[in-house]
Every structure is written in C-alpha cells, then in structure tokens.
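The values are calculated or read from the model by the stated rules, or taken from the named source; none is laboratory data. Note that this is a predicted model, so its numbers are computed, not measured. Positions of Cβ are generated from backbone atoms using ideal geometry, with glycine treated the same way; all protein chains shown enter the neighbour counts. Areas reflect the complete protein model, heavy atoms only, side chains present, ligands, DNA and RNA absent. Shrake-Rupley method; radii C 1.70, N 1.55, O 1.52, S 1.80 Å.
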Amino acid sequence: MNFQLLRHAAMVLIVGSLVACSSTKQVHDPSPVTEPSPGGSKPPFTASMPTKSRWIATDWSELPGLQADALHEAWNAWLKNCERPSTAFASLCREVRQLSIASDEEQRNWLIKNLQPYRVEAMGGGPDGLMTAYYEPLFEARRRPGDGFNVPLYQPPASLGSRKPWYTRQQIDTLPEAQAALAGRIIAWLRDPVDALVLHIQGSGRLQITEANGSQRLIRVAFAGTNDQPYKSVGRWLLDQGLVRDATWPGISAWTQANPGRVNEMLWSNPRYVFFREEPLNELDAQFGPKGAQGVALTPGRSIAVDKASIPYGTPVWLSTPGPTVQLNRLVFAQDTGSAIVGAVRADFFMGWGPEAGDLAGRVKQGLRLWAFWPRSLAAQVPNLR
C-alpha cells in the first residue's frame, strides 16, 4: 500500500468506514473545548490515569521499527499536544519545542532518556487489539439551494437544550414543527443525503463551498451537538434486512445507487442527527484535521482516537500493526475518542481528509499492539503495573 498521502501531509506541517458498518464503526463527537487566549496555549489539564488497562514496563528494544520511524513527522503532532498538554507532559514541552528542528536520531535519544515505554494490555487479557481508521470528509457545497444541492447541514436549533431527546432524523426531515425550529439555521447545502450522513458519522468535515456571489472557499463544519437520539448503524440495518452482503462503503454506495427510492428508509434507520458550527480554514489550519476530544487539531498519520479509560489524552503512544491494509510502526498521540473506541488495545487512526484518505480508512480493520510512554520522573503514578 502506497502511504505517500500521509507522509506528504506530515511533511507540509503537519475510518472505520465512510458509512457505519456493523459493530466497529465509531462516531466522533468531540467534546466542546475552551478556546485558548490569543497568542497563548490552553492551561494543562489533569488526565485521569488508566483504569481499564494494564501497563507493563518494557525495554525500548521491544518496540518494533523504532529505528525506522521518521520522528520529525510526529513532532508536529507533539507541538499540537503542547497547545493543551496534560500535567504529566507539560514540563517537557519546552524541550519538545526546542527539538522540533532536531534530527530523528536526536529526537529518538531524547525519547529514550526521558520516557518509559509500557506495553498496554487488557486487564484480563493480552496485548493484541484492533485498529480501525477515520478521516475528515471533503464535499462540494452551496450556500444557497438549487442545481441539485438540496440537502441541508444545520446549526443547533435554539430549542435543542429544552427538549431531550430532540426530534429523530426522520422527524427532522418530515415534521413541520421540526423544520420550523430549524428555520434560519442552515449552514450549507449538499448534493447527496448520504454525504450528509457521512459528515454526521465522522463528526466534522471540509466543504468546498460556493458562496451566494459565486466565489468559492474552503470551510470546516465542526461538531456542535446532537439530537440525543441513539446512534444506529445503517450498515447493520442493510445487513439485517438482507439487502447487502457487503456493508463497506463501496457496497453501501452501490446499493443506494441501485435503490434511490429506499435511501431515506436507510437513513431514517439511524435516528441520531448531528448539528454543526462553521469554522474558517486558513492556510495553516488546513494542514491539520479537526480538533479531537483533547482539544487540539489532529495530525494526519500521527493522531489516534482511544478509550480514555485505557490511555489518557495527550499520551505519546507507539503503534504497531502488521496489516493487511497498512503496515505501521510509528509514534502517534492519543488525542481523540469515539463511541465505538472501547477497550485497552483499541485505536482509531486519523488518516487525513478527502476521498483518498476516506477510501483507505474504510478498508482498515486489523490487528494492533500499543505501547504508552510516560515520563520517567512520574513512573510511580502509573497504576496496574505488572
């Protein structure tokens, strides 16, 4: 597999599947975060120590591929980490910044000197787990409806907090009172309702939007809330109905094209609905992904979503997966979470954005091992050691 997409994204500063398929799909609902003061980083946060995993101190020689990783690519993710570090790693950020122009060998020696690796295992099991992947979709959009663009993306309605749960997906599409509550809340219009569902599942996305005056620009729509209805996998629904045997994105896409009259039925099988906020994308922001649950922008190929009860946000992690879709041995950072990311040795790998990243993310479901790094000076804090 050619992995140049991720390498290129990392060099310029740096899913599950496109549509939910069976039990491994994750829904990324980033928690609201407080913006930093102008020109400054957010204050460090105290990360909860793992309660659902066992960390086993190991030697650096156990980490597969340690000498081959291009650590300078990972350093961009660490610099993002330092915009909102956990208290455990805040004191290292000065040196991290100084090492941003160091060689891979200097960075590797610094890691070995300052950090202790721990093999992550399930409390009652072993070191083997599961890796999936996710991405940030990119779609064409219009500020006004017409010419086939008739699927709205909404800001949260004013009544969202007063009615819990709010209307279901089907009710939002069909009930006059739900439509009235959303009047004036439309951010943009998409061409395809399945594209809108993809954005709802991934939690954010990029829009190449045509403004009312005909000009074009790139924006991000970021997660801003849900209707508090349960999430149901449309891929699972298709399988249960006996409508497809292949619940991957290509299989689902082929079914929707062959059955346009039943697309709403499929969409309405998932009552959950996501609302967005619009964010501008300047040239620098466009080189990173959306903000994850840690509150920092995700770096393609170097950020993962984890179960925060197993690995705290902001933790550097060595990730090793043998394939078959991608083969990786690399430094990544636990910066996000997802509703299906549950378990000690479980990671959702952030691929980047756009169709190529989405195609690759949709095919990733493979074995995994993880090693968490922790400052040597704080080794006494690590629980569940063996």
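Structural remarks
- Tally, over region 126-150, of residues that are among the aliphatic types (A, V, I, L, M) and open to solvent by less than 20 Å² (accessible area, probe 1.4 Å): 3
Matching residues to (1) assigned to a strand (DSSP E or B); (2) at pLDDT 50 or above; (3) surrounded by fewer than 20 Cβ atoms within 10 Å (Cβ to Cβ); (4) of a type outside the set (A, V, I, L, M):
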residue: A9; (1), (2), (3), (4): no, no, no, no
residue: V15; (1), (2), (3), (4): no, no, no, no
residue: P30; (1), (2), (3), (4): no, no, no, yes
residue: V33; (1), (2), (3), (4): no, no, yes, no
residue: S37; (1), (2), (3), (4): no, no, yes, yes
residue: G40; (1), (2), (3), (4): no, no, yes, yes
residue: E73; (1), (2), (3), (4): no, yes, no, yes
residue: W78; (1), (2), (3), (4): no, yes, no, yes
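- Residue within region 47-56 that is touching a helix residue (DSSP H, G or I) at 6+ places or on another chain (Cβ under 7 Å), under 15 Å from Q381 (Cβ atoms) and part of a loop (DSSP other than H, G, I, E, B) present: yes
- P300 being closer than 27 Å to A90 by Cα and either open to solvent by less than 10 Å² (accessible area, probe 1.4 Å) or assigned to a helix (DSSP H, G or I) (or both): yes
- G289 fulfils the conditions (1) assigned to a loop (DSSP other than H, G, I, E, B); (2) more than 25 Å from A357 (Cα to Cα); (3) not hydrophobic (A, V, I, L, M, F, W, C) except for a single criterion, (2).
- Selection from region 363-386 of residues that are closer than 26 Å to P85 by Cα and modelled with pLDDT of 85 or more: L368, R369, L370, W371, A372, F373, W374, P375, R376, S377, L378
- Consider region 84-103 and keep the residues that are out of contact with any helix residue (DSSP H, G or I) (no Cβ under 7 Å at 6 or more places or on another chain) and assigned to a loop (DSSP other than H, G, I, E, B). The one that is most open to solvent (accessible area, probe 1.4 Å) is S91.
- Counting only helices (runs of 4 or more DSSP H) that sit completely within region 151-259, those holding 1 or more residues that are more than 29 Å from A297 (Cβ to Cβ) and open to solvent by 10 Å² or more (accessible area, probe 1.4 Å) correspond to 169-174, 176-181, 234-240, 249-258.
- Each residue in region 50-60 was checked for being farther than 15 Å from V317 by Cα and either at pLDDT 95 or above or not hydroxyl-bearing (S, T, Y) (or both), and 1 pass.
- Where M266 falls short, out of the listed (1) closer than 30 Å to K164 by Cα; (2) in a loop (DSSP other than H, G, I, E, B): (2)
- Some residue of region 106-122 being modelled with pLDDT under 95, among the hydroxyl-bearing types (S, T, Y) and open to solvent by less than 10 Å² (accessible area, probe 1.4 Å): no
- Sole exception among (1) modelled with pLDDT under 95; (2) on the phi < 0 side of the Ramachandran plot for R206, by number: (1)
- Residue in region 336-350 that is outside any loop (DSSP other than H, G, I, E, B), of a type outside the set (K, R) and either open to solvent by 10 Å² or more (accessible area, probe 1.4 Å) or farther than 18 Å from Q202 by Cβ (or both) present: no
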